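> Shown below is the structure under consideration.
The values are calculated or read from the model by the stated rules, or taken from the named source; none is laboratory data. None of the values given here were measured: they were computed from a predicted structure. For neighbour counting, all protein chains shown are included, and Cβ atoms are generated from backbone atoms with ideal geometry for every residue, glycine included.
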Amino acid sequence: MAKKETVVRQQFRPSRCFLRFQLVFGTPPADPPTAAVFQAAVTEALSTSFGNIGSGLLQWSLLSLSEAGLGILRVRPEQMPQLRFALTMITRCGGKRCRADVLAVAPSLAALACAR
């Protein structure tokens, strides 16, 4: 009797995803927003959109924010749509009118750094 071969498949599912975004202001502010001000804007957009409990379930972190308004966020893959929605809902940051544009999404920082 012949032995059956077992086929092993591995699927890579990242535990975190990364978003590169840019804050675009109607009139450039004299001093760019700090990380704390941007985090407050995202938290406000999340709680407005999903309520306090829904926004509290989202696990995200701001990895970097440059003076030019470019930044990187880290989030769980299954929570990516909620975070992108909240970024779309941002209309003010630090009292100035702005919008947040998502430039790229990747499963790792290395993939985010690649120019495609």
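For every residue, the table says whether it meets (1) loosely packed, with under 15 Cβ neighbours inside 10 Å; (2) at pLDDT 90 or above; (3) under 18 Å from R99 (Cβ atoms).
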residue	(1), (2), (3)
K3	yes, no, no
V8	yes, no, no
F25	no, yes, yes
A40	yes, yes, yes
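> While we're on this one: Taking the options A40, A30, A45, A35, name whichever one is aliphatic (A, V, I, L, M), in contact with a Leu (Cβ under 9 Å, 6 or more places away or on another chain) and farther than 19 Å from L109 by Cβ.
On inspection, the qualifying residue turns out to be A45.
> Hey, another quick one. So is E44 surrounded by fewer than 16 Cβ atoms within 10 Å (Cβ to Cβ) and assigned to a helix (DSSP H, G or I) or not? First the steps, then the outcome.
On the way: surrounded by fewer than 16 Cβ atoms within 10 Å (Cβ to Cβ): no; assigned to a helix (DSSP H, G or I): yes.
No.
> Restricting attention to segment 67-112, report how many residues are of a type in the set (G, A, S), under 21 Å from A36 (Cβ atoms) and out of contact with any Pro (no Cβ under 8 Å at 6 or more places or on another chain).
Within segment 67-112, the first condition is being of a type in the set (G, A, S), and the residues that meet it are 68-69, 71, 86, 94-95, 100, 104, 106, 108, 110-111.
Filter again for under 21 Å from A36 (Cβ atoms), leaving 68-69, 71, 86, 94-95, 100.
The next check asks that each one be out of contact with any Pro (no Cβ under 8 Å at 6 or more places or on another chain); those that pass are 71, 86, 95, 100.
Counting residues in segment 67-112 that are of a type in the set (G, A, S), under 21 Å from A36 (Cβ atoms) and out of contact with any Pro (no Cβ under 8 Å at 6 or more places or on another chain) gives 4.
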